[in-house]
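In what follows, a structure is listed as structure tokens, so that the remarks can point back to it.
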Amino acid sequence: IPTHATIRSEAHYWFALGDLPADAVLQSLCERTPRAIFPNRKIGKIEPKYEASFLVLEDNPLNNLLKIRAVDFKVKNGVLLPK
């Protein structure tokens, strides 16, 4: 199973429980989980001295969690990746 499919299914599972709002689910997936997996790296935030690797989505996933699939563009280590 591809990693992105696993992450999506996990997000949908948490959201379907109804106990966590979408922003808490997304914060856990995008900030807390990467920092827990890679504790010695500066990731999971957009702040000075943090790695500049992130996705820009086409729409707001807080309105619809399925929007995490619709990536507009990617930045890795400060470099815009080709589509």
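The values are calculated or read from the model by the stated rules, or taken from the named source; none is laboratory data. A quick note: this is a predicted structure, and the numbers were derived from the prediction, not measured. Cβ: placed from backbone, ideal geometry, glycine included. Neighbour counts: every protein chain shown. Areas reflect the complete protein model, heavy atoms only, side chains present, ligands, DNA and RNA absent. Shrake-Rupley method; radii C 1.70, N 1.55, O 1.52, S 1.80 Å.
Being out of contact with any strand residue (DSSP E or B) (no Cβ under 8 Å at 6 or more places or on another chain), charged (D, E, K, R) and in a strand (DSSP E or B), is that true of even one residue in region 55-76?
Within region 55-76 (the criterion being out of contact with any strand residue (DSSP E or B) (no Cβ under 8 Å at 6 or more places or on another chain), charged (D, E, K, R) and in a strand (DSSP E or B)), the answer is yes, since at least one residue qualifies.
Restricting to region 59-83, and then to whatever is farther than 13 Å from R8 by Cα and basic (K, R), can you tell me which residue is farthest from the chain's Cα centre (by Cα)?
Out of the qualifying residues, it is K83.
Out of region 34-51, which residues are surrounded by fewer than 11 Cβ atoms within 10 Å (Cβ to Cβ), part of a loop (DSSP other than H, G, I, E, B) and either on the phi > 0 side of the Ramachandran plot or under 15 Å from the mean Cα position of the chain (by Cα) (or both)?
Selection gives I46, K49.
Cβ-Cβ under 7 Å, sequence separation 6+ or interchain: first residue in region 18-46 and without any contact (Cβ under 8 Å) to a residue 60 or more places away in the chain, partner aromatic (F, W, Y) and not in a helix (DSSP H, G or I). Which pairs?
K42/Y50; I43/Y50; I46/F54
Of all the residues that make up region 17-29, how many are farther than 16 Å from L62 by Cβ and either open to solvent by less than 70 Å² (accessible area, probe 1.4 Å) or of a type in the set (A, V, I, L, M, F, W, C) (or both)?
1
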